[in-house]
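Down below is the structure, laid out as structure tokens.
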Amino acid sequence: MKHLQELPVWRELWKHFDATKSLHMRDLFEQDPERAQRYWLEVGGLILDYSKNRITDETLVLLMQLARESGVPERIKQMFRGEKINATENRAVLHVALRNRTNAPILVDGEDVMPQVNRVLSRMGEFAHEVRSGEWLGYTNQVITDVVNIGIGGSDLGPLMMCTALKPYGHPRLKMHFVSNVDGSQLRDVLEKVHPETTLFIIASKTFTTQETLTNALTAREWFLKYADEESAVAKHFVAVSTNKKAVADFGIDTANMFEFWDWVGGRYSLWSAIGLPIMLYLGEENFIEMLNGAHLMDQHFFNAPLEQNMPVLLALIGIWYINYYGGGSHIIAPYDQHLHRLPKFIQQLDMESNGKQVTLDGQAVAHETAPIIWGETGINGQHAFFQLLHQGTHITPIDLIASLQKRSNLPGHHEILLANVFAQAEAFMRGKTPDEVRVELKEQGMDEARIEELVPHKTFSGNRPSNLILMNKINPRNMGSLIALYEHKTFVQGIIWGINSFDQWGVELGKQLAKTILSELTGETAVQPHDSSTERLIRLYRNANCDKPGTC
Ligand code: F6P
């Protein structure tokens, strides 16, 4: 395979970077009254304003060439064809099949996956209907009022983010709870709020081997059986979502109560699969399908639109421009909507677990940066916390500002303030404030010359700080589906250009392996093995602190 730095356009982009790095966006806007109109794209209910980026027409031409020379169009086709592009795990990558609303066959190893996708989807629909309508009864014949999803990572963040984002569509009787942390206080807090007779537990784990999830599931089961007494009651209160039937059965959940998915669905890409069961329970089958429709709309756009008009491709390339040329090591997700407050965390896993890689597909060390550090917070709260650094700090910090045009609450005046702020931030990042503008402003306030000159450097904003503005006409299941699919595909395109596998996650394994050894040393099951002196000291410290018979541990 050709490596990124071997591509002719890679060098051309460097030359272009040197020639354009001192351009100011403020000037670019002044020179081109059509800039906003030209750097603007609409797909379904989403609008992307990418005009406030440090790009020119030539930048875009070169970046598009980069996408072509990196084989982006061919790689996209390979994914949609069900080819095993997750080479290190020898798996296809087919989250697009989960929302393939045309039902056109997609083959994996010669077999169409659509019948199984549809089968599980309709089983989920039937189950959701029973729970929501009150037909599904607990062991004392009461309706379900609380759903507790026990899962972690991709088996938690997607459903949690969607249920939070779409709360106004939620079933009024159902309260949703999410337990991911093995720190017992999270589960205990939830168990204190719910009642065993009216609670449904979903044990969500792709592998069904994840220590945190299985530990929480076991504790929840023990808690439940203390009340229910009868093993047979478990079937009415515990369901599993997994790809691993055997492990589900070994754990003691009847596989009749299991909703399956497949190894070609990556954990962080799985909210469209049975992992989305909490979403369907909360929002109902119709809204879940709407979410799939929205994602499918973005998939179709991603597959068919020319690169120049392709929203995920544009976002990916603009991101690459900052990461690889400007040296921007982080990227911020700032939703201007309280119910989207889980979105930064979701995108953090999606992007960092996918593209936080140091070798290319052929096992060579990369010679360029890969995934940036993704972080974020609701924009309005961020403004009063870390935005100082974004405006006047020394880092390049590209930011995605995400907002809804339509109001979410009927409280008068609130939404206008929110949108005024998001538009103002984008303008401020781009324009900044020149020393002369500061002087004029301070003079108007009647300040004396000497004091003005002292303050000018502190009150100057360099501007030229990039942002993308993503507007949804409304936050609804369809647009949320499109938004998440947009970020999934953006991540994929960046991975293609960097030449890495976006769909494995070997980097999470080492810590898990070591934790197993250390756990048995902490509990005294095995003697403390040789570690580095720091780790050994820590293990002994813990053992002494938790020793029943001092001197024996
Ligand atoms: O440890 C990382 C990871 O494997 C993620 O990739 C995944 O989303 C999460 O853990 C949960 O895994 P599982 O669904 O198999 O429990």
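The values are calculated or read from the model by the stated rules, or taken from the named source; none is laboratory data. Here the structure is a predicted model, which means the values were calculated and not measured. All Cβ positions, even for glycine, are placed from backbone atoms using ideal geometry, and neighbour counts span all protein chains on display. We work out accessible area using only protein heavy atoms, side chains counted, and drop any ligands, DNA or RNA first. Shrake-Rupley method; radii C 1.70, N 1.55, O 1.52, S 1.80 Å.
Structure notes:
- Selected from F208, P372, A240, residue furthest toward positive end of dipole (the chain; charges at beta carbon): A240
- Heavy-atom accessible surface of the chain: percent carbon and sulfur, 1.4 Å: 52 percent
- Expressed as a whole percent, the proportion of Cα-Cα pairs in the range 195-291 lying more than 17 Å apart is 52%.
- Heavy atoms of Y322 accessible to a 1.4 Å probe, total area in Å² rounded to 10: 0 Å²
- A Förster distance of 56 Å, applied to the separation of the beta-carbon atoms of R451 and L419, puts the FRET efficiency at 0.95.
- Label positions at N103 and L411, each projected 7 Å from the Cα along the C-beta direction, are separated by 4.6 nm.
- Sites matching GluC sites (Glu not before Pro) across the range 135-222 that sit in DSSP coil, with at most 11 neighbouring C-beta atoms within 10 Å: E135
- Area accessible to solvent at C163, 1.4 Å probe radius, in Å²: 10 Å²
- A straight Cα-to-Cα reach below 16 Å connects K245 with the aspartates and glutamates D254, E260, D263, residues fewer than 8 places away in its own chain not being considered.
- Packing-based order for 394-402, 143-151, using average beta carbon neighbours within 10 Å, highest first: 143-151, 394-402
- For K549, the aspartates and glutamates whose Cα falls under 17 Å of its own Cα, not counting residues fewer than eight places away in the same chain, are E521, E525.
- Evaluated over the Cα positions of the range 75-184, the convex hull gives a direction-averaged projected area, one quarter of its surface, of 10.1 nm².
- Span-rule helices in the chain, defined as complete DSSP H runs reaching 24 Å or more along the axis (Cα) with Kyte mean at least 0.0: 414-431, 477-498
- Residue pairs, from the table K167/K490; K84/K236; K206/K474, whose Cα atoms sit over 28 Å apart: K84/K236; K206/K474
- Think of it as helices only: each DSSP H run of n ≥ 4 in the chain is worth -39500 (n - 2.57), and spread over all residues that comes to -14500 deg cm²/dmol at 222 nm.
- Between K77 and V366, the modelled label-to-label distance comes to 2.6 nm, taking each label 7 Å out from Cα in the direction of the beta carbon.
- With eigenvalues of the C-alpha gyration tensor scaled by 5 and rooted, the chain, Å: 43, 28, 27
- Net +/- balance of residues flanking M124 in space, Cβ distance below 13 Å, scoring K and R +1, D and E -1: -2
- Extension gain (nm, one decimal) between E509 and R188, 0.36 nm per residue minus Cα-Cα: 112.8 nm
- Average accessible area per residue (Å²) across the range 97-289 - probe 1.4 Å, nucleic acids and ligands excluded: 39 Å²
- In the full protein context, the range 507-546 carries 77 Å² of accessible surface per residue, based on a 1.4 Å probe and ignoring ligands, DNA and RNA.
- The local environment of Y325, defined by Cβ-Cβ distances under 14 Å, has a net charge of 0 under the rule Lys, Arg +1 and Asp, Glu -1.
- The alpha-carbon of K52 sits under 13 angstrom from the alpha-carbons of these aspartates and glutamates, leaving out residues fewer than 8 places away in its chain: D27, E30, D32, E34, D400, E427.
- Summing charges over all other residues whose Cβ lies under 15 Å from the Cβ of H24, with Lys and Arg as +1 and Asp and Glu as -1, gives +2.
- Around the Cα centre of the chain, unit charges on the Cβ atoms of Lys, Arg, Asp and Glu (plus for the first two, minus for the last two) sum to a dipole of about 160 debye.
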